[in-house]
1. Tell me, what is the FRET efficiency for Lys211 and Gln53 to the nearest 0.05, using R0 = 45 angstrom and their Cβ-Cβ distance as r?
2. Restricting to bridges with both residues inside segment 177-454, how much of the DSSP beta-bridge set is antiparallel, in percent to the nearest 5?
3. Expressed as a whole number of Å, what is the distance separating the alpha-carbon centroids of segment 199-250 and segment 349-374?
4. Let me have the relative contact order for segment 78-196, percent, based on Cα pairs under 8 Å that are six or more residues apart.
5. Applying 1/(1 + (r/R0)^6) with R0 = 51 Å to the Cβ-Cβ distance of Ala326 and His37, what FRET efficiency is obtained, to the nearest 0.05?
6. Kindly rank 43-52, 375-384, 14-23 from highest to lowest mean number of other beta carbons found within 10 Å of each residue.
7. With a ≥ b ≥ c taken as the square roots of the eigenvalues of the C-alpha gyration tensor of segment 79-148, please select rounded if a/c is under 1.5 and otherwise prolate if a/b is larger than b/c or oblate if it is not?
8. Under the Cβ-under-4.7 Å rule, which cysteines of the chain stay unpaired?
Amino acid sequence: MRALLISANRERMPYPVAPLGIAYIAGALKGEGHDVHAVDLCFASNLEADLGQILEDFPPDLIGISLRNLDNLTYPPSISYLPELEELVEILRRRTSVPLVIGGSGFSVAPLPLMQRLDVDFGIVGEGEGSIVRLVQRWEGGHSPHGIPGVLAKGTDEFLPPLPLESVGAPDRSILDNRRYLKEGGMANLQTKRGCPFCCIYCTYPLLEGKRVRLRDVGAVVRELKELQADHGMDYVYFVDDIFNYPPDYTEVLCRAMISQGVKLKWTAFVNPRFLTPEITAFMIKAGCEGVEVGADSGSPQILKSYGKGFGVEDIVRTSHLCREAGLNFVIYLLLGGPGEDERSLRETFDIIDRLAPTAVIAMLGIRIYPHTPLQEIAVQEGVIHRDDDLLEPKFYISPLIGSQRLIEVVTEGAMQRSGWIVPGLEINISPRLMEAIRKFGIRGPLWELAGRMKKSRIRPLS
């Protein structure tokens, strides 16, 4: 069978991201002997003309669409990606009659309302490698896909919950224009595990991947890293794990293997401050780590508890000291305005960040509400949303103890008084024009590192 896989993501902020999901799907389909071609619409100049040419060059028997995100997760200016998705589906429907299958993390967070809204034949919820293979087998044999876990069919709201894969394989990167991402200022992306056992009230990772952590074979990960460098010319990698340093013993084994086998790539990862130790930090640096992204969310004990973070301010302080003493760049991510947030808790966060002096801070205003998360229930109880709201369009929780206008005022004032603060929703130290200019210099790695060095805010940090 000839399968065309389309990454619907067209967002280039802060840089183009390789669609790792369709690379995994391609690997699964190729493993069953199917002919697979992929296209990343992030590089499309004329959607209709480009799609027409692709369909002419590679007439498919089936088209898979991967939706990475519903929107850009930014408040107050929010951009929904659904109009672009609907345009894509409409063009495909005009030009071909083959079945359309949609999946990806963006689809999986709200599959039923998206199936009702989009003119597609099938949907795949959660990890898609096994489901797509079984769906194709049924379709080729003329049988109904009913009963395949995680697979929806047009016209019905009934489906079995997806079953997490027992093991995570390797993606087939040959379908991607890997050097294009490098040229455009992006990085390679690599996953070492799936599943999240933690309970942050807003997070969709446990819904998308399950709560049981499944680790990839360390040898396979190291081989993939070396192939990225040797075969695709990559020199910088971002580990896309929801938490790179959990479980800690796996992190140490992986870093030891990277060191012993001579992996020479620079890399960055997202870390949980609870599990970063001096020993693991040292191994990470020796293995090529250039910086870490710390998911702190807040500097207030009250708010950390409200968010269900599972760590305290002391963990954030300890991790920051570790990074600074080791000479490791680090950015602290903040989610400001969630349940319980008020001016006092915001001041606590500003004060602790001043003491920690990270390389950069990325502050998001409000928290995007997703279906089936504890935050959704909180928002319903407080009247922020209605229980029957499908949440396809971006809706954000902002604590009524501070309100949106005052939140914007306090964060604007605080961020502009400090060095290295990036607030995407307010375009403080970040904008599409700035990011495009930076990419022209061919700079590798997360752009927060550069923004932190540029120190573009007008006032020096507080002492």
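Laboratory data are not the source of any read-out in this text; all were calculated from the coordinates shown. Fair warning: this is a prediction, and the values are worked out from it, not measured in the lab. Cβ: placed from backbone, ideal geometry, glycine included. Neighbour counts: every protein chain shown.
1. Efficiency, from the Cβ-Cβ distance: 0.55.
2. About 15 percent, rounded to the nearest 5.
3. Here the two parts' Cα centres lie 23 Å apart.
4. Rounded, it is 17 percent for segment 78-196.
5. 0.70
6. The most tightly packed comes first, giving 14-23, 375-384, 43-52.
7. Oblate.
8. Among the cysteines of the chain, those whose Cβ sits 4.7 Å or more from every other are Cys42, Cys196, Cys199, Cys255, Cys289, Cys323.
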